[in-house]
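These notes concern the structure reproduced below.
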């Protein structure tokens, strides 16, 4: 799985690509845990290139969200493809995550709260 | 003089062939392997002392005599013994080799025998300094050059008359150093090969152990999961019910359950735990127990779901969650009261109109948050109506190009086969999924439950 990341100010952005299944989710999990371990508090997951997300993928997102919110941080989602959005919706996760259409909006979402 | 040294060197090289064979035979013995592996038992040490002592004696005997001095590889055995087996082995082999030399005549007898003892002890010191490991090819060869130089120094210091000692050193110095270095090279090469072989073996064993463990884990997870699924479907009045779960190779923690509530009421559960293998299987057992405990005697599907969620959330760590659909089937009233906690919405096919309804409610997967907002809804189930409960393993089953079976194919299969009894419909759907995936690996558990309305009482 391709797994890029970049920064915008103090916001870290992860860009996974392809299928987020059990195997690739492990990779993403390691990446996000590493970033949080390095002190990242504001994270955006841009899922524009993710075609499929399994429950393992949801679990990685949930684990990172829980960990970040514990210390006052947050994980916001951006650019969900219809299928991916549906998976989040079915699990009820759309009421848990802040979801944005554009990556910039998600990054700005952090600014508003200061 | 130079010519003489040259022919001497040739003669000594001649002995190298013998050394190669000896090196091969010695390094292949079981005791030597054990010593290399660090097992310095008294028996192993004694065996090494005798072996390398004997090799040292052989070095003396096979030497070439020049001016009353034997140019030889006597020091080689004790050196190797020390480098591989520590100071005791080095000393022992040195005493044997040196002692034998001392019994022979020659004015360099004393320094030569002392040098052999020192060669073994120095080898042992290097062994200890190198944290009880063999020092490697280069280290061993450099070491042998150092020891032979020291040997020559001893001859110069101790032997009388000094002028003859100088001549001996001049004649034999270079050939002694060279032949011992070459002998050492041969041994060190074989030893380091042996060490590498052993490491590769260990890695391979470790890999297989890991694989074995993984297999065992998969089996355990599968057994846990299967042993907690109901063995049979309870008999119902006016309804036909069937269920089946096909675990993936790496089980995903799907489950279903039937819970008697009261007279006409029975609780139906289908759920999918996030994650894989043993952790998922254990979380499945936990979730199932929480739901069962919450459901027994409770006629409100909403209360059951909320209670179960609070219990599961209290125990859910590191993002574990379970999507769960809970329904209470009232066989008398012919109703299904249900709560959907983040699960794939079951399909309802109207027996008369063929209309399709999805059983969705407000809700979120269990274990995500305490006090989650949920909602209970109710539908009637008439004669010929069909409810298909499933987990995402059904719709997300893939063929070898990652095309998904999908909801549409599921609906199509259900519509086409709605006349079948529940148990046959379950078989039909799983058969279609397996035919669709055409041998592509099953990544997730496939779990299905079919409820069919029959003639009322």
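The values are calculated or read from the model by the stated rules, or taken from the named source; none is laboratory data. Just so it is clear, the model here is predicted, and its values are computed rather than measured. Using ideal geometry, Cβ is built from the backbone for each residue, glycine included, and neighbour counts are taken over all protein chains shown.
Tabulated results
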| read-out | value |
| --- | --- |
| Among (1) part of a helix (DSSP H, G or I); (2) under 22 Å from residue B:353 (Cα atoms), the one test that residue B:434 misses | (2) |
| Qualifying residue in the range B:287-300 (condition: over 37 Å from the mean Cα position of the chain (by Cα) and either within 14 Å of chain A (Cβ to nearest Cβ) or buried (at least 24 other Cβ atoms within 10 Å of the Cβ) (or both)) | yes |
| Qualifying residue in the range A:97-110 (condition: assigned to a loop (DSSP other than H, G, I, E, B), touching a helix residue (DSSP H, G or I) at 6+ places or on another chain (Cβ under 9 Å) and under 18 Å from residue B:323 (Cα atoms)) | yes |
| Test: residue in the range B:268-284 that is farther than 22 Å from residue B:344 by Cβ, touching a residue at least 60 places away in the same chain (Cβ under 8 Å), under 38 Å from the mean Cα position of the chain (by Cα) and assigned by TED's automatic domain parsing to the domain that holds residue B:345 | yes |
| Residues of the range B:411-457 that turn out to be within 14 Å of chain A (Cβ to nearest Cβ) and more than 43 Å from the chain's Cα centre (by Cα), as a count | 0 |
| Tally of residues being assigned to a loop (DSSP other than H, G, I, E, B), touching a strand residue (DSSP E or B) at 6+ places or on another chain (Cβ under 8 Å) and within 14 Å of chain A (Cβ to nearest Cβ) across the range B:248-265 | 3 |
| Condition check for residue B:333: within 21 Å of residue B:395 (Cα to Cα) and either touching a residue at least 60 places away in the same chain (Cβ under 8 Å) or within 12 Å of chain A (Cβ to nearest Cβ) (or both) | no |
| Matching residues, the range B:166-189, being crowded, with 20+ Cβ neighbours inside 10 Å and touching a strand residue (DSSP E or B) at 6+ places or on another chain (Cβ under 7 Å) | B:168, B:172, B:175, B:176 |
| Checklist (1) within 13 Å of another protein chain (Cβ to nearest Cβ); (2) in a loop (DSSP other than H, G, I, E, B) applied to residue B:353, failing item | (1) |
| Matching residues, the range A:96-113, being within 14 Å of another protein chain (Cβ to nearest Cβ) and touching a strand residue (DSSP E or B) at 6+ places or on another chain (Cβ under 6 Å) | A:97 |
| Strands (runs of 3 or more DSSP E) within the range A:1-95 that include 2 or more residues within 11 Å of another protein chain (Cβ to nearest Cβ) | A:11-20, A:49-53 |
| Given (1) surrounded by fewer than 20 Cβ atoms within 10 Å (Cβ to Cβ); (2) touching a helix residue (DSSP H, G or I) at 6+ places or on another chain (Cβ under 8 Å), number of the condition residue B:243 does not satisfy | (1) |
| Enumeration of residues in the range A:15-34 that are surrounded by fewer than 19 Cβ atoms within 10 Å (Cβ to Cβ) and more than 19 Å from residue B:392 (Cβ to Cβ) | A:17, A:27, A:30, A:31, A:33, A:34 |
| Some residue of the range B:255-265 being surrounded by 24 or more Cβ atoms within 10 Å (Cβ to Cβ) and either closer than 18 Å to residue B:326 by Cα or in contact (Cβ under 8 Å) with a residue 24 or more places away in the chain (or both) | yes |
| Residue in the range B:195-207 that is in the same structural domain as residue B:16 (by TED's automatic domain parsing), closer than 24 Å to residue B:89 by Cβ, buried (at least 19 other Cβ atoms within 10 Å of the Cβ) and in contact (Cβ under 8 Å) with a residue 60 or more places away in the chain present | no |
| Those residues of the range B:285-308 which are in a helix (DSSP H, G or I) and touching a strand residue (DSSP E or B) at 6+ places or on another chain (Cβ under 7 Å), in sequence order | B:287, B:288, B:291, B:292, B:295, B:301, B:302, B:304, B:305, B:308 |
| The listed residue being crowded, with 24+ Cβ neighbours inside 10 Å, within 14 Å of another protein chain (Cβ to nearest Cβ) and under 26 Å from residue B:246 (Cα atoms), out of B:395, B:323 | B:323 |
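This table checks each residue for (1) over 24 Å from residue A:52 (Cα atoms); (2) in a helix (DSSP H, G or I).
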| residue | (1), (2) |
| --- | --- |
| B:426 | yes, yes |
| B:429 | no, yes |
| B:448 | no, no |
| B:452 | yes, no |
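Conditions tested, residue by residue: (1) at pLDDT 85 or above; (2) more than 26 Å from residue B:88 (Cβ to Cβ); (3) not in a loop (DSSP other than H, G, I, E, B).
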residue	(1), (2), (3)
B:126	yes, no, yes
B:139	yes, no, yes
B:148	yes, no, yes
B:153	yes, no, yes
B:167	no, yes, yes
B:182	yes, yes, yes
B:199	yes, no, yes
B:204	yes, yes, yes
